[in-house]
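Some notes on the structure that comes next.
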Amino acid sequence: MLNNILYILFNYGSALEVGLRHTIIITVTSYFTGLVVGLLIAVLRVYGGRWIRGVLGILVEIIRGTPMMVQLFFVYYALPEIGLLLNPVAASIIAIAINSAVYQSEYIRASISAIPYSQFESALSIGLTKSRAVLTIILPQAIRVATPALVNEAVYLFKYSSIAYFVTAPELMYIGKFIGSRTFLYVEMYIVLAAIYVATSIVLTELAKVIERRYVIPGLLKSKA
Amino acid sequence: MDWINNVQFFTYVGVILSSIGTTLALSLASFSIATIVALLLSFIEIFGPRPLVKAVEWYVKIVRGIPLILALFMFYYGLPRVGFPLPPLYSAIMGIALVDSAYQEQLFKGAIEGVSERQVEAAYAIGLTQWEVFRHVILPQAFRIALPGWINEFSMVLKDSSIAYAIGVTEIFTQAVHVAHVIADYLRPLLIVSLIYLCICYPLSQISSRFHKGLVEMGMMGS
Amino acid sequence: MKVDLLVVEDLWKFYGKEVILKNVNFNVEKGETKVIIGPSGAGKSTLLRCINLLVRPDRGRIVLDGDVITERRDVHNIRSQIGFVFQHFNLFNHLTAIDNVLLGLIKVKRLSREDAMRKAKEALLSVGIAEDLWRKYPAQLSGGQQQRVAIARAIAMDPKIILFDEPTSALDPELIWEVLNVMEKLSRNGMTMIVVTHELGFAIKVAHEVMFMDGGTIIEKGLPEQILLNPRSERVRRFMERMWYLYSMDRKFWRSENAK
């Protein structure tokens, strides 16, 4: 078993590297796109007009109510039918980013509503406009409150990006399957893949904890009741 | 859309819906197993001896890092190698249950720890024993705190069951893809299957947030 | 010469059918300290919020320094000229003490960083917040310190008037003194202030005029000694009696006639 694992690592190391690189590209791009769009959705859903709130609310429920698999297949297989052809990596990024944007918007929205109204009121009292009060007082606090959930989302996306396998994006899972079919060392290959995914997710989680501790603001992250 | 097309459309709906039983069985079975395992693990992590606590912590850390597809592959392709071949449906149930048990463990642990210290203190103050405090104060409150998240978790499992497509379980998503292959059109089957998922997940999410609001009103949770 | 800095005319506020403020009229002279007392639910807090336009009055006029602010659209410009000190301090939780003071100076007054810094330091020192506390977050400060930072945040903006909404009600008794002390100093230095408070000692000592509010309107106003010790209306008399009892003051102020 160990020999076989070493054999895979020795002979297919560079292929795994390519896979890991694509996994990282897909994860990072879709995560940050999702963060920016999610932030926008959250702000509009809290402070926007009736119409915007209504439309976005429906959109969020639709995305939250359907599997990411369906969304991915939709982007990769159904969009070409209306003339939008995307390569596997781009399709994966778009599908995952849309899904993530919605979930991240929900985390941010929840933490915006956790910031007491008195903070907003006192920002107005020193003469800030409403939009500035949101930008300089509410959002910085809300994002810090949402940080643990947003970090979890990043870890979640890293492993969930493996569904790009289904649309033949050359990420870790796809490369692993390929190596498995070449060598017939399926079990060993799965162990290597699991080790990479698990190690990365643990490292990411610990790193996030260190960063969080470093930038903690006393009294702000009282998330536990 | 003309009449012929409409007939076809409803035929697709029928074909896809014929697999709803598999989706529900798969989700309910894996979710129940995950709940039982997670309850046990969370009790161990909170009340158990130190080495076991560490073991549970590592279990959660490792399992949380494994992609669901990989878990399914491991059960479906890996187990036969050590002499336990499992049919696709059972492999999928095991794989989803494994991954979800880690998430539910965290949910339950958070809920038990979320019961306010002051509540526990007050319970001891009126003379309840440790078991009575757990039974009459911590457990009922933790149950209510966990409920909204637990309902959402079922939605997650239901949606994730679509990944069983990877090992050929014919649940509704697999069925939709089959239909798409036959009629060479993805748009309609995907819309149909989306609607089916929505019809289950949307009411669940409404129920969940209703319970959450109740919690906030009872003062058991910050807004 | 006496100049009216703030004029409130026929102010009304409704929440649905409920009347919160009805026909409120008063003037505040430049340099004057006005204290408002009255039972909870009297509309004192809403009145202050109306003056700062945090709440829009439904009827009536408010004139600040010749400017009819109830007719202005650029509400934030008005607010930057009016300081507001809240009952629960409402410091920005994610900013340090000095950043709390700097924010308005930089974002609203658009001062350069150095000028803002100079002003912020000056303001903090004037309320007795020494340098070792400047980099602390609100949660690391005592209630009294937080409230003094909040006062510094208000005075740094060079407001024309400062509104205090029960600034000591959320404080431990031993911390009340340090906040009242700062407010007294402010008043003596000629700041125009409206203070909603239950601190009768402060009212007697510092206020130029005391107004008693109940049921959304001003029932009686006059010199502190008169309102606090010898009110004309029965309603005010009953309230004051209880207040003095609460503060364990000598009952010699009271004639025996209210024993019946």
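The values are calculated or read from the model by the stated rules, or taken from the named source; none is laboratory data. Remember, it's a predicted structure, so these values are computed and weren't measured experimentally. Don't worry about glycine lacking a Cβ; one is built from the backbone with ideal geometry, like all the others, and counts go over all protein chains shown.
Would you confirm, using the coordinates I've provided, whether C:ASP115 is more than 20 Å from C:PHE164 (Cα to Cα), modelled with pLDDT under 95 and more than 14 Å from chain A (Cβ to nearest Cβ)?
no
Please note which helices (runs of 4 or more DSSP H) are completely contained in the stretch A:138-225 and include at least 2 residues that are among the polar types (S, T, N, Q), more than 14 Å from chain C (Cβ to nearest Cβ) and buried (at least 16 other Cβ atoms within 10 Å of the Cβ).
Result: A:186-214.
Looking at B:TYR124, B:TYR76, B:TYR90, which is the one that is within 29 Å of A:TYR186 (Cα to Cα), without any contact (Cβ under 8 Å) to a residue 60 or more places away in the chain and among the aromatic types (Phe, Trp, Tyr)?
Selected residue: B:TYR90, the only one of B:TYR124, B:TYR76, B:TYR90 that is within 29 Å of A:TYR186 (Cα to Cα), without any contact (Cβ under 8 Å) to a residue 60 or more places away in the chain and among the aromatic types (Phe, Trp, Tyr).
Any residue in the stretch A:64-75 that is over 11 Å from B:LEU187 (Cα atoms) and facing another protein chain (nearest Cβ under 7 Å) sitting within a Cβ distance under 6 Å of a residue that is surrounded by fewer than 24 Cβ atoms within 10 Å (Cβ to Cβ) and among the basic types (Lys, Arg)? List the pairs, counting only those 6 or more apart or interchain.
That search, which allows pairs on different chains as well, returns A:PRO67/B:LYS159.
Here is a list: B:LEU24, B:LEU86, B:LEU72. Which entry is surrounded by fewer than 16 Cβ atoms within 10 Å (Cβ to Cβ) and out of contact with any Pro (no Cβ under 6 Å at 6 or more places or on another chain)?
B:LEU24
Any residue that is within 21 Å of C:VAL127 (Cβ to Cβ), surrounded by fewer than 17 Cβ atoms within 10 Å (Cβ to Cβ) and touching a residue at least 40 places away in the same chain (Cβ under 8 Å) - is there at least one of those in the stretch C:60-80?
no
Restricting to the stretch C:24-45, name every residue that is assigned to a loop (DSSP other than H, G, I, E, B), in contact with an Asp or Glu (Cβ under 6 Å, 6 or more places away or on another chain) and without any contact (Cβ under 8 Å) to a residue 60 or more places away in the chain.
None; the set is empty.
Conditions tested, residue by residue: (1) aliphatic (A, V, I, L, M); (2) more than 18 Å from C:LYS185 (Cβ to Cβ); (3) over 19 Å from the mean Cα position of the chain (by Cα).
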residue: C:ASN90; (1), (2), (3): no, yes, no
residue: C:ILE98; (1), (2), (3): yes, yes, yes
residue: C:LYS107; (1), (2), (3): no, yes, yes
residue: C:GLU114; (1), (2), (3): no, yes, yes
residue: C:LEU124; (1), (2), (3): yes, no, no
residue: C:TRP134; (1), (2), (3): no, yes, yes
residue: C:GLY144; (1), (2), (3): no, no, no
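Could you pull out the residue among B:LEU147, B:LEU204, B:LEU195 that is of a type outside the set (Lys, Arg) and more than 19 Å from the chain's Cα centre (by Cα)?
The unique qualifying residue is B:LEU195.
So which residues in the stretch A:85-121 are more than 14 Å from chain C (Cβ to nearest Cβ), of a type outside the set (A, V, I, L, M, F, W, C) and either in a helix (DSSP H, G or I) or under 15 Å from A:VAL60 (Cβ atoms) (or both), if there are any at all?
Passing the criteria: A:PRO88, A:SER92, A:ASN99, A:SER100, A:TYR103, A:GLN104, A:SER105, A:GLU106, A:TYR107, A:ARG109, A:SER113.
Go over the candidates A:LEU128, A:LEU124 one by one and state the one that is touching a His at 6+ places or on another chain (Cβ under 9 Å) and part of a helix (DSSP H, G or I).
Result: A:LEU124 is the single residue among A:LEU128, A:LEU124 that is touching a His at 6+ places or on another chain (Cβ under 9 Å) and part of a helix (DSSP H, G or I).
If I filter the stretch B:125-148 down to residues being at pLDDT 85 or above and aromatic (Phe, Trp, Tyr), which single residue comes out as farthest from B:GLY110 (Cα to Cα)?
Only one residue tops the list, namely B:PHE134.
For B:SER209, indicate whether it is of a type in the set (S, T, N, Q) and facing chain A (nearest Cβ under 9 Å).
no
Would it be correct to say that C:ALA120 is in a helix (DSSP H, G or I), in contact with a strand residue (DSSP E or B) (Cβ under 6 Å, 6 or more places away or on another chain), within 13 Å of another protein chain (Cβ to nearest Cβ) and not basic (Lys, Arg)?
No, not satisfied.
Might you check whether a residue that is among the hydrophobic types (A, V, I, L, M, F, W, C), in contact with a helix residue (DSSP H, G or I) (Cβ under 7 Å, 6 or more places away or on another chain), within 30 Å of A:TYR174 (Cβ to Cβ) and within 12 Å of chain A (Cβ to nearest Cβ) occurs anywhere in the stretch B:33-42?
So far as the stretch B:33-42 goes, no, none of its residues is among the hydrophobic types (A, V, I, L, M, F, W, C), in contact with a helix residue (DSSP H, G or I) (Cβ under 7 Å, 6 or more places away or on another chain), within 30 Å of A:TYR174 (Cβ to Cβ) and within 12 Å of chain A (Cβ to nearest Cβ).
Return the residue satisfying two criteria in turn: it lies in the stretch B:163-172 and is in contact (Cβ under 8 Å) with a residue 24 or more places away in the chain and buried (at least 22 other Cβ atoms within 10 Å of the Cβ), and of such residues it is farthest from the other protein chains (Cβ to nearest Cβ).
Selected residue: B:VAL169.
For the stretch B:90-140, which residues satisfy the criterion of being away from chain A (no Cβ under 12 Å), of a type in the set (Gly, Ala, Ser) and assigned to a helix (DSSP H, G or I)?
Correct list: B:SER91, B:ALA92, B:ALA97, B:SER101, B:ALA122, B:ALA123, B:ALA125.
Is it the case that the stretch C:3-16 has a residue that's assigned by TED's automatic domain parsing to the domain that holds C:GLU166, surrounded by fewer than 20 Cβ atoms within 10 Å (Cβ to Cβ) and without any contact (Cβ under 8 Å) to a residue 24 or more places away in the chain?
Yes, the conditions are met somewhere in the stretch C:3-16.
Within the stretch A:47-63, track down each residue that is away from every other protein chain (no Cβ under 12 Å) and among the hydrophobic types (A, V, I, L, M, F, W, C).
Those that are away from every other protein chain (no Cβ under 12 Å) and among the hydrophobic types (A, V, I, L, M, F, W, C): A:TRP51, A:ILE52, A:VAL55, A:LEU56, A:LEU59.
Run down B:ARG81, B:ARG135, B:ARG144, B:ARG118 and say which single residue is basic (Lys, Arg) and closer than 30 Å to B:TYR165 by Cβ.
Matching residue, one of B:ARG81, B:ARG135, B:ARG144, B:ARG118: B:ARG81.
Keeping to the stretch C:53-96, report how many residues are away from chain A (no Cβ under 12 Å), small (Gly, Ala, Ser) and more than 21 Å from C:LEU21 (Cα to Cα).
Final tally of qualifying residues: 1.
Hey, can you tell me all the residues within the stretch B:173-201 that are among the small types (Gly, Ala, Ser) and either within 8 Å of chain A (Cβ to nearest Cβ) or assigned to a helix (DSSP H, G or I) (or both)?
B:ALA176, B:ALA180, B:SER194
Regarding the stretch B:160-168, can at least one residue be identified that is of a type outside the set (Gly, Ala, Ser) and touching an Asp or Glu at 6+ places or on another chain (Cβ under 7 Å)?
Within the stretch B:160-168, not a single residue is of a type outside the set (Gly, Ala, Ser) and touching an Asp or Glu at 6+ places or on another chain (Cβ under 7 Å).
Can you tell me which residue in the stretch A:122-137 is nearest to the other protein chains (Cβ to nearest Cβ), limited to those that are within 20 Å of C:VAL149 (Cα to Cα) and of a type in the set (A, V, I, L, M)?
A:ILE126
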